[in-house]
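J.: The structure under discussion is supplied below as structure tokens; questions concerning it will follow.
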Amino acid sequence: MVDFTNLSTYIPVVLVILAPFIGGLLMGIDRKITARMQSRIGPPITQPFYDAIKLWGKEPFIASSLQPVLAFGYFGFSVAAFALLAFGQDMLLLVFTMGIADLCLIVAAFNSKSPYSNIGARRELLGMLSYEPVLLLVAISIFFVSGSFMVSSIFDVPVPLLTILPLTFLALIPVLIINMKKSPFDVSGSGHAHQELVRGIYTEFSGYTLALIELCHWTKVALLVGFASLFWAKDIVLDAITIPWIVVGAVVAFALFFIVLVIDNSYPRLDWKTMLKTTWVVGFLLIIANIVGLLARLVILS
Amino acid sequence: MKTMTKARLKSPWVLHFDCGSCNGCDIEILAALTPKFDVERFGIINIGDPKQADVLVLTGPANKRNQHVLKNLYDQMPQPKVVIAVGECACSGAIFHNCPNTLGGVDKVIPVDVYVPGCAARPESIVDGVILALQKLQKVSEGEKVD
């Protein structure tokens, strides 16, 4: 039974409402850090919000009447995926909900005659093919440790996940790169402007549909960064002070985010074959090595 | 200032189209996007998609070949939008004046809001031109009549 008098019941609800804002701020920080890495000043951290508000106020140009519906579907499923995380629900369901959200975007992009949009959608499918198995394996390796697919079970593991699943944590790097549409794996449509596909999968969106898609993108980034923060779900108790897990988790997740930005700024774009091979080989090897290592430790200890 | 107007002024996405310039002005426009001038600190992004652009930056004289492309790009941009003609050729046709294959300035094809003179226009004057265009965009956004 849900206890409605307890204030902590409402924390997940607040998190779900704030998710796009957290993601938007992360994108703003991303643009600022990227600018500093290129020795520029860069836009203010609130820049993504200005962009989204401006897009919302533009004259609507709808390429196909299904596109707004699918854009709202993309938004709904992204928020639902974040809600699954915030309420500590099933990780498998979370991965599949995220997949359906992506599919909404892909179908919307296929729903126009523009070749740019079509090729972008095909490449987005390849991106999904690359990262989804890795993300599933991350969930499975957490299952090996906690004995459950529930996000809330991560808190029952006696040690932080990062100390026993460090390689699995590293396997999240390519997943985050593909989802944030960062180099070297931004084949389907880069956040940066000029490329051979114009804007790739986003080409046919404009006005409020593009603003919605931006919101979904932020929610997805917030979801993955939030998931990464669960790799340190234990309070650190020093002699006198206790550092709450959310602070340590945020630092851990931001470290992952920063690694992605460094990779984005130091690598050119690679083709989809390299993306698929790299993500699968690196992701699978890291996760399998981690699980085998854990099993070997169990055998030695027994 | 209303939130929407502020957001519009803070995030002008630029579409750059070359109507047949000598590339002198194009190089200067690209220079404005480099770290030295860093227009992204004003939220300006060079975007390739007319459907997502707010500002159309044009270089070179309009000619009979590409006037249809130019008109099409302009029509594909959603309101509110502004057009900047960069360089002498885009403003008036300059040395191509009265050539049989050119039409003159780009304003022969589409309405132009801001003219940036110079051969080639300097990055500073291009950034100035964008700021002038933004003042016009602010007036349009606040509902004033401008011609």
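J.: How big is chain B on each of its three principal axes, counting only the C-alpha atoms and giving the largest first in Å?
T.: 48, 34, 24
J.: Next up: Just in the range B:64-145: which trypsin sites (Lys or Arg not before Pro) are loop by DSSP and have at most 10 other Cβ atoms within 10 Å?
T.: Values: sites: B:K64, B:R65, B:K71, B:K81, B:K108, B:K136, B:K139, B:K145; in loops: B:K64, B:R65, B:K81, B:K145.
In loop regions of the range B:64-145 (DSSP not H, G, I, E or B), the sparsely surrounded trypsin sites (Lys or Arg not before Pro) are B:K64, B:K145.
J.: Ok, one more. Enter the angle in degrees (range 0 to 90, nearest 10) between the Cα long axis of helix A:272-301 and the first principal axis of the Cα atoms of chain A, meaning the one along which they spread out most.
T.: 10 degrees
J.: If you don't mind, there's one more thing I want to ask. Under 1.5 on a/c is rounded, so check that first for the range B:80-133, then, if it is not, pick prolate when a/b is larger than b/c and oblate when it is not; a ≥ b ≥ c are the square roots of the alpha carbon gyration tensor eigenvalues.
T.: On the way: a/c = 4.04, a/b = 1.44, b/c = 2.81.
Oblate.
J.: Using the structure shown, select from A:K113/A:K181; A:K182/A:K234; B:K6/B:K108; A:K181/A:K234 the pairs with a Cα to Cα distance greater than 25 angstrom. Don't skip to the answer; put the middle values down first.
T.: On the way: A:K113/A:K181 23 Å; A:K182/A:K234 30 Å; B:K6/B:K108 32 Å; A:K181/A:K234 31 Å.
Where the Cα-Cα span goes over 25 Å, the pairs concerned are A:K182/A:K234; B:K6/B:K108; A:K181/A:K234.
J.: Same structure, new question: In degrees between 0 and 90, to the nearest 10, how far off the longest principal axis of chain A does helix A:47-56 point, with axes built from Cα atoms?
T.: 50 degrees
J.: Now a separate question. Would you mind giving the mean number of other chain beta-carbons within 10 Å of the Cβ of each residue in A:35-46, as a whole number? Could the numbers behind the result be given before it?
T.: Details: counts 4, 0, 0, 4, 3, 8, 5, 4, 10, 4, 0, 3.
For peptide A:35-46, the averaged partner shielding equals 4.
J.: Oh, and also: Calculated from DSSP H runs of 4 or more alone, at -39500 (n - 2.57) each and per residue, what is the 222 nm mean residue ellipticity of chain B, nearest 500? Working shown, then result.
T.: Details: 5 runs with 52 residues, N = 147.
Helix contribution divided over all residues of chain B: -10500 deg cm²/dmol.
J.: Looking at the range B:68-147, which GluC sites (Glu not before Pro) are in a loop (DSSP not H, G, I, E or B) and have at most 13 other Cβ atoms within 10 Å?
T.: Details: sites: B:E88, B:E124, B:E142, B:E144; in loops: B:E142, B:E144.
Counting only loop positions with at most 13 other Cβ atoms within 10 Å, the GluC sites (Glu not before Pro) in the range B:68-147 are B:E142, B:E144.
J.: Distance between the C-alpha centers of the range A:104-152 and the range A:284-302? Whole Å please.
T.: Their Cα centres are 27 Å away from one another.
J.: So for the protein assembly as shown, taking the charge dipole from beta-carbon charges (+1 Lys/Arg, -1 Asp/Glu), which of A:S190, A:P174, A:S152 sits furthest toward the positive end?
T.: Value: A:S190.
J.: Given labels modelled 7 Å from the Cα in the Cβ direction, how far is it in nm from B:T34 to A:L276?
T.: Modelled inter-label distance: 4.0 nm.
J.: Please give the charge dipole size of the protein assembly as shown, origin at the Cα centre, charges +1 on K and R Cβ atoms and -1 on D and E Cβ atoms. Round to the nearest 20 debye. Kindly include the intermediate steps, with their values, before the conclusion.
T.: Details: 34 positive and 33 negative charges, 90 e Å.
Around 440 debye, computed over the protein assembly as shown.
J.: If you line up the Cα atoms of the range A:58-172 on their principal axes, what length do they span on each, largest first, in Å?
T.: For the range A:58-172, the Cα extents along the three principal axes come out at 53, 25, 21 Å.
J.: Further question: Quick one: if you stick a label point 7 Å off each Cα along the C-beta vector at A:L129 and A:F96, how many nm between them?
T.: Computed distance between label sites A:L129 and A:F96 equals 2.2 nm.
J.: Divide by every residue of chain A the summed helix terms, -39500 (n - 2.57) for each DSSP H run of at least 4, and state the resulting mean residue ellipticity at 222 nm, rounded to the nearest 500 deg cm²/dmol.
T.: Working: 10 runs with 203 residues, N = 302.
Here the helix-only value at 222 nm equals -23000 deg cm²/dmol.
J.: Just to compare against my own numbers: the Cα pair-distance distribution for the range A:137-256, 10 Å bins, whole % per bin, please.
T.: For the range A:137-256, the pair-distance distribution reads 12, 35, 26, 18, 7, 1.
J.: For chain B, give the magnitude of the charge dipole about the Cα centre (Cβ charges: +1 Lys/Arg, -1 Asp/Glu; no others), in debye to the nearest 20.
T.: On the way: 16 positive and 16 negative charges, 69 e Å.
Dipole about the Cα centre, nearest 20: 340 debye.
J.: Please compute, for peptide B:47-57, the average count of beta-carbon atoms on other protein chains lying within 10 Å of each residue's beta-carbon. Spell out each step's value before the answer.
T.: On the way: counts 5, 9, 13, 3, 13, 13, 3, 3, 0, 0, 0.
Mean partner-chain Cβ count within 10 Å for B:47-57: 6.
J.: If you don't mind, another one. Enter the Cα centre distance for the pair the range B:1-35 and the range A:211-229, rounded to the nearest angstrom.
T.: 28 Å
J.: Relative to the present Cα-Cα distance, how much length would full extension add between A:I45 and A:A289 at 0.36 nm per residue of separation? Please report the intermediate quantities before stating the final value.
T.: Values: separation 244, 0.36 × 244 = 87.84 nm, distance 3.86 nm.
Difference between extended and current length: 84.0 nm.
J.: Looking at the calculated P(r) for the range A:7-301, what percent of the C-alpha pair distances fall above 25 Å? Could you put the intermediate results ahead of the total?
T.: Numbers: 20887 of 43365 pairs.
Distances greater than 25 Å cover 48 percent of the Cα pairs.
J.: Given contacts defined as C-alpha pairs under 8 Å and at least six residues apart, what's the relative contact order of chain B, whole-number percent? Show your work: numbers first, answer last.
T.: On the way: 286 pairs, mean separation 38.0, N = 147.
26 percent.
J.: Can you list, bin by bin at 10 Å, the percent of alpha carbon pairs in the range B:13-55, starting at 0?
T.: Computed distribution, short to long bins: 28, 52, 20.
J.: Here's another thing I want to ask about it. Where does each of B:12-25, A:206-219, A:64-77 land if you order them by average Cβ count within 10 Å, highest first?
T.: A:206-219, B:12-25, A:64-77
J.: For B:V106, A:V107, what ranking results if the residue with the fewest other Cβ atoms within 10 Å of its Cβ goes first?
T.: Working: B:V106 30, A:V107 16.
Listed from fewest to most nearby Cβ atoms, that is A:V107, B:V106.
J.: Cut-off under 16 Å on the C-alpha distance; same-chain residues fewer than 8 positions from B:K51 excluded. Which aspartates and glutamates are left, in chain and number order?
T.: Straight-line reach from B:K51, under 16 Å: A:D51, A:E59, A:E204, A:E214, B:D75.
J.: Follow-up question, since we're still on this one. Once a ≥ b ≥ c are taken as the square roots of the eigenvalues of the Cα gyration tensor of the range A:255-302, is the result rounded (a/c under 1.5), prolate (a/b larger than b/c) or oblate (a/b not larger than b/c)?
T.: On the way: a/c = 6.11, a/b = 2.06, b/c = 2.96.
Since a/c reaches 1.5 but b/c is at least a/b, the shape of the range A:255-302 is classed as oblate.
Every number in this text was worked out from the coordinates using simple rules, so none of it is lab data. What you see is a predicted model, and the numbers here were worked out from it, not measured in a lab. Glycine also receives a Cβ, built like all others from the backbone with ideal geometry; neighbour counts cover every protein chain displayed.
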